[in-house]
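Every read-out reported here was derived from the displayed coordinates using simple, explicitly stated rules and does not represent laboratory data. These numbers come from a predicted model, not from an experiment. Note that each Cβ is placed from the backbone with ideal geometry, even for glycine, and that neighbours are counted across all protein chains shown.
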Amino acid sequence: MRKIITLFAISSFLLSCSNAEKKNSIDALISAKNVKALQEKKAALQGDITKIEAALATLDVKKEEALVSVTTVKDTLFTHYLDIQGSVNTKENILVQPEFSGTLTSLTVKAGDRVTKGQVLGRVDDAGMSQQLASAENQYALAKTTFERQKNLWDKKIGSEIQYLQAQTQMISAQKAVAQIKAQLAKTVIRAPFTGTIDEVFVEKGQVVAPSAQGLMRIVNLGNMYVSTTIPETYIGKLKVGTVVDVFLTSLGKTYKGKVRQVGNFINPNNRSFGIEVSIPNPENLLRPNQVAKLKITDYVNKNAIVVPTNVIQEDGNGDHFVYTVEGSNGKTGTAKKVIVSLGKSSDNVTEILSGLSADDIVVTEGVNNISEGMKLNF
């Protein structure tokens, strides 16, 4: 009988505990809208979670070994570039226009011809100006002779001063008339404005041409090439005439060394940028106007920088950047150590480390995603 009473008491106790647990369960508290009890439950759970995370941080360390690649960092020259796109141009690329209207009586060049500055490219009919020039030159010769004789007489105090002055005026007028006709006649001769190559000819001999019509031909000089582009205004002061620039021509797959030859003095208010021109050599005559070029402009140099490959830098949950270094290295093995670093600029797949690393530190470069602090490393 006593055993029955004891079993009944135990059963009653367990049942009351079960009811109490159900009564204090999260669902029950929510149903009962017991705010105070829910807040207490939340605080208790948060404390447990904190303990669990601390335990995992200590216990959940990979103890297995890992095979990695490492490198020893050194003080080195670090250069940062501004990458920007530009367009190849030349100022000596023009359409040759006639200065005189008339029939093209001669055309002495064709596409592809190399010409020098001042070379005659063609002639336009002068509409009788050659005869006018001959007549004007005769009149000038006569006026000059008359003036010289009148001057001789005036030097001997023979004749009047008016006669002397009239002869002088007639000679000067005749001289100016000759010069004016010569200037007009010179416009009938088409000359190369600079040394270059005839790229295309648009007219033929015998065709009527005029200054307002289509150009006669295009002449291009590929010996004075440059790249023009615009730079954000934040780079004012970092660029100056003479700055060396790497110019990569995508269509040629070639890189040329250029120099900044002009820096603009005006900021475009629409895009907050200023223009620059970079002169580039063209020894093989492969450059052409309007080619696309990619410029690498040096804007920062550190002669004693600590750099690491950009892909070895990781970020933890606190937003800190870190790398893994090797402690206790014997040349073949060591222990992984997490090092928080401060980053500088990045260029060419490497990043400058401002703090956290020193010269001769050994940094893990391959296998960084498979290791954790304290793990034994083989390399």
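Tell me the net charge near Val35. Cut-off is 12 Å between Cβ atoms, Val35 excluded, with +1 for each Lys or Arg and -1 for each Asp or Glu. Write out the running numbers ahead of the final one.
On the way: positive: Lys33, Lys36, Lys41, Lys42; negative: Glu40.
Counting the neighbours of Val35, the net charge comes to +3.
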Need one number: the % of Cα-Cα pairs in the range 311-362 sitting beyond the 13 Å mark.
63 percent
Please pull out the direction-averaged projected area of the range 96-219, using the convex hull of its alpha-carbon atoms, in nm² to one decimal place.
9.3 nm²
Once you compute Rg and the Kirkwood Rh from C-alpha atoms, what is the Rg to Rh ratio for the range 74-167?
1.46
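Using a Förster radius of 25 Å, what is the FRET efficiency between Asp360 and Glu315 based on their Cβ-Cβ separation? Nearest 0.05, please. Don't skip to the end; give the middle numbers.
Working: r = 25 Å, r/R0 = 1.01.
That gives a FRET efficiency of 0.50.
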Please find, in a Gaussian network model of the chain (springs between Cα atoms separated by less than 10 Å), the residue of Ala293, Ala37, Ala167 whose mean-square fluctuation is greatest.
Ala37
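Where does the charge balance sit around His321 when Lys and Arg score +1, Asp and Glu -1, over other residues with C-beta under 13 Å from its C-beta?
Values: positive: Lys338; negative: Glu315, Asp316, Asp320, Glu352.
Its environment carries a net charge of -3.
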Given the options Gly206, Gln97, Ser160, identify the residue whose Cα lies farthest towards the positive end of the charge dipole of the range 96-219 (+1 on Cβ of Lys, Arg; -1 on Cβ of Asp, Glu).
Ser160
Mean Kyte-Doolittle of at least 0.0 and a Cα length of 15 Å or more along the axis: which whole DSSP H helices of the chain meet both?
2-24, 35-59
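Mind running the shape call on the range 157-204? Use the C-alpha gyration tensor, a ≥ b ≥ c as the square roots of the eigenvalues: rounded below 1.5 for a/c, prolate if a/b tops b/c, oblate otherwise. Spell out each step's value before the answer.
Details: a/c = 10.27, a/b = 4.56, b/c = 2.25.
Verdict is prolate for the range 157-204.
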Considering only Lys41, Lys187, Lys176, give the residue with the highest GNM mean-square fluctuation for the chain, with springs between Cα atoms whenever their separation is below 10 Å.
Lys41
Is any residue of the range 256-297 close enough, with backbone N under 19 Å, to a label point placed 7 angstrom from the Cα of Ser346 along the Cα-Cβ axis, and if so, which?
296-297
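Calculate the dipole size of the chain relative to its Cα centre from +1 charges on Lys and Arg beta carbons and -1 charges on Asp and Glu beta carbons; express the result in debye to the nearest 20. Each step should come with its number before you reach the end.
On the way: 44 positive and 37 negative charges, 128 e Å.
Result for the chain is approximately 620 debye, rounded to the nearest 20.
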Max mean-square fluctuation residue, GNM over the chain, Cα-Cα springs under 10 Å, options Gln166, Gln207, Gln39:
Gln39
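In which sequence would Ser69, Ser347, Ser279 go, from the one with the fewest C-beta neighbours within 10 Å to the one with the most? Display every interim value, and only then the final one.
Values: Ser69 13, Ser347 20, Ser279 16.
Taking fewest neighbouring Cβ atoms as first place, the list is Ser69, Ser279, Ser347.
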Scan of the chain for GluC sites (Glu not before Pro) in DSSP loops with at most 10 other beta-carbon atoms within 10 Å gives a longest site-free stretch of 65-203
I'd like to know which of Gly196, Phe266, Leu295 lies farthest towards the positive end of the charge dipole of the range 174-297, counting +1 on Cβ of Lys and Arg and -1 on Cβ of Asp and Glu.
Phe266
After finding the eigenvalues of the alpha carbon gyration tensor for the range 285-379, what semi-axes result from the square roots of 5 times each, listed largest first in whole Å?
35, 15, 14
Going through the cross-link list Lys91/Lys257; Lys259/Lys303; Lys117/Lys294; Lys257/Lys345; Lys110/Lys257; Lys74/Lys345, which pairs have a Cα-Cα distance over 28 Å in this structure?
Lys117/Lys294; Lys110/Lys257
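How big is D, in µm² s⁻¹, for the chain by Stokes-Einstein at 4 °C and 1.567 mPa s if Rh is the Kirkwood radius over C-alpha pairs?
Working: Rh = 31.4 Å.
Reported coefficient: 41 µm²/s.
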